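J.: Dumping the structure here so I can ask a few things about it.
None of the figures in this text is laboratory data; all of them are computed from the coordinates on show. Given the structure is predicted, the values throughout are model-derived calculations rather than measurements. Methodologically, a virtual Cβ is constructed for each residue, glycine included, from the backbone with ideal geometry; neighbour enumeration extends over all protein chains shown.
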Amino acid sequence: QVQLVESGGGLVQPGGSLRLSCAPSGTIFSIYAMGWYRQAPGKQREMVARIRTGGSPMYANFVKAGFTISRVNAKNTVSLQMNSLNVEDTAVYYCKVEGFPADYWGQGTQVTVSS
């Protein structure tokens with residue numbers, strides 16, 4: 001079964017940057033969209049950024065100008081560049097691939113913003 005492998009999380013100071021990456025362990029056919037979600041302690045999982053195949057990136061209202069999602073279609077990889085991070089961005093970040101006949105989730109990578 002295909003798994004999504006995430007990398008790039010960690011501890012960063014406020015104002016710092018991190019780049020998250022996600023790649024599938026195998027081939028996923030018929031990808032509709034790829035994106036990043038996050039879940040902070042005690043809160044529901046929420047979309048951060050998402051990009052449909054052939055479409056433009058979409059960002060949550062809370063996303064600052066320093067967040068950029070990018071996708072490499074040939075490799076089915078998706079990345080999230082996060083700049084100017086603040087404490088409120090602390091969460092577990094999950095990669096999601098919306099495909100047919102199934103959606104896939106990564107295992108999550110912890111992002112902690114703290115001084």
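J.: With unit charges on the beta carbons (Lys and Arg positive, Asp and Glu negative) and the dipole taken about the Cα centre of the chain, which residue among Trp36, Asn83, Met58 sits farthest to the positive side?
T.: Result: Met58.
J.: Could you check the spin-label model distance between Gln107 and Lys64? Points 7 Å from the Cα along Cα→Cβ, value in nm.
T.: 3.0 nm
J.: Let me ask another. Relative contact order for the chain using alpha-carbon pairs under 8 Å, separation at least 6, rounded to a whole percent?
T.: 37 percent
J.: In nm, to one decimal, how far is the Asn73 label point from the Lys43 one, both placed 7 Å along Cα→Cβ?
T.: 3.3 nm
J.: Is there a quick way to get the dipole size of the chain? I mean about its Cα centre, with the Cβ of Lys and Arg at +1 and of Asp and Glu at -1; what is the value in debye to the nearest 20?
T.: About 160 debye.
J.: May I ask you to list the chymotrypsin sites (Phe, Trp or Tyr not before Pro) in the stretch 1-74 that are in a DSSP loop and have at most 14 other Cβ atoms within 10 Å of their Cβ?
T.: Qualifying residues, ordered by number: Phe29, Phe62.
J.: A follow-up question, please. Count charges around Ile51 for me, please; just the other residues with Cβ under 12 Å from its Cβ, Lys/Arg as +1, Asp/Glu as -1. Intermediate values should be presented prior to the final figure.
T.: Working: positive: Arg50, Arg52, Arg71, Lys96; negative: Glu98.
Result for the neighbourhood of Ile51: +3.
J.: Taking just the alpha-carbon atoms of the chain, what radius of gyration and Dmax come out, in angstrom?
T.: 13.5, 43
J.: Below 13 angstrom from the Cβ of Glu98, what's the summed charge of the other residues (Lys, Arg +1; Asp, Glu -1)?
T.: Taking every other residue near Glu98 into account, the sum is +3.
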